[in-house]
1. What whole number of Å gives the distance from the Cα centroid of the stretch 198-231 to the Cα centroid of the stretch 166-190?
2. Could you tell me the relative contact order of the chain? Use alpha-carbon pairs under 8 Å, at least six residues apart, and round to a whole percent.
3. Net charge near Ile22: determine it from the other residues with C-beta under 15 Å of the C-beta of Ile22, scoring Lys and Arg +1 and Asp and Glu -1.
4. Normalized C-alpha radius of gyration of the stretch 73-228, against 2.2 N^0.38 Å?
5. Just to verify a number: what accessible area does Asp211 come out at with the full protein assembly present, 1.4 Å probe, Å² rounded to tens?
6. Please label the shape of the stretch 111-186 as rounded, prolate or oblate, based on the square roots a ≥ b ≥ c of the eigenvalues of the alpha-carbon gyration tensor (a/c under 1.5 means rounded; beyond that, a/b larger than b/c means prolate, else oblate).
7. With each label point set 7 Å from Cα along the Cα-Cβ vector, what nm distance links Val20 and Asp162?
8. For the stretch 104-253, what is the accessible area per residue in Å² when the probe is 1.4 Å?
Amino acid sequence: MVSFGVMGSAAAQMPVDLLVGIKGGVAGTATSEVPKLSNRQQIQYAQPTDDSGFYPGFGIGPGVGLSLEARILGVLGLESGVYYMGDNLTGWQDKSVNSIPRGRVTMEHQVSALHVPVLLKAVAPSAGLKPFLGLGLEFVFQQSSSLEYRTERENSNDPTIDQYGPLFSERNRVSTASYMMLQLTTGVEIDLGVVRVPVELRAGYNLGWDDSFDARVKVESGGSTGHTFTSNGENMAHFGIFTGVVYDYDFLL
């Protein structure tokens with residue numbers, strides 16, 4: 001009776017892996033354009049152009065952070081962590097007046113942010129290489145956010161484009177934001193025993209994304225342009241490729 005009880009107790013124990021490590025890689029950021037001002041808005045805010053100055057953008061930046069995952073039976077995991085990301089992007093618009101190209105207005109949006117994923121993962125129970133798929137949420141907490149503009153003439157003797165740089169630099173602002181993404185990750189984990197080397201692709205979409213002017217821009221009176229336009233600073237999507245070194249601590253529950 002005792003031996004059966006011991007065997008039953010041992011059989012009921014569940015293998016658990018606690019994976020702790022560092023991951024880093026290249027992160028991408030994308031956003032869409034804030035719509036142009038309507039005729040009503042242009043008159044209401046006394047603006048010389050219907051251009052919002054918040055352009056569709058794309059950029060690449062670094063990302064690095066700590067990863068923590070609890071995995072049961074070697075196949076089902078819950079992963080989180082904290083990552084410091086450079087969510088920088090560049091957008092631009094080429095302008096023509098009377099069908100004549102005048103030059104380009106470029107927007108630079110520089111952001112540093114903390115990303116906190118919470119993912120459910122399924123891992124193949126294979127030896128050596130372990131493909132995986134993860135799905136969940138990622139919380140973004142921007143730490144800093146800044147906006148700059150520059151102009152480039154199509155013709156060095158044509159100053160038409162020059163007006164937009166000072167206008168947008170004076171009028172347009174950006175605030176730091178916090179938002180939540182639907183996050184998908186997939187890749188392969190190289191099993192070296194105690195050490196694992198993950199290679200993964202990540203993609204996330206902002207669940208609260210709204211393309212409208214009123215949702216993305218707060219307008220206040222004041223300043224040399226009569227009004228200031230402040231973007232909420234959120235981005236539409238993030239993606240990247242990451243790798244790292246993870247240590248596997250296994251025990252029984």
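1. With the stretch 166-190 and the stretch 198-231 each reduced to a Cα centre, they are spaced 9 Å.
2. Working: 675 pairs, mean separation 56.0, N = 253.
Answer for the chain is 22 percent.
3. After counting each charged neighbour, the total is -3.
4. That works out to 1.49 for the stretch 73-228.
5. Counting only protein heavy atoms, Asp211 exposes about 70 Å² to solvent.
6. It comes out prolate by the Cα gyration axes.
7. Taking the simple label geometry, Val20 and Asp162 are separated by 6.0 nm.
8. 49 Å²
The values are calculated or read from the model by the stated rules, or taken from the named source; none is laboratory data. These numbers come from a predicted model, not from an experiment. Cβ atoms come from the backbone with ideal geometry, glycine included; neighbour counts cover every protein chain shown. Side chains are part of the model used for accessible areas, which takes the heavy atoms of the whole protein and leaves out ligands, DNA and RNA. Shrake-Rupley method; radii C 1.70, N 1.55, O 1.52, S 1.80 Å.
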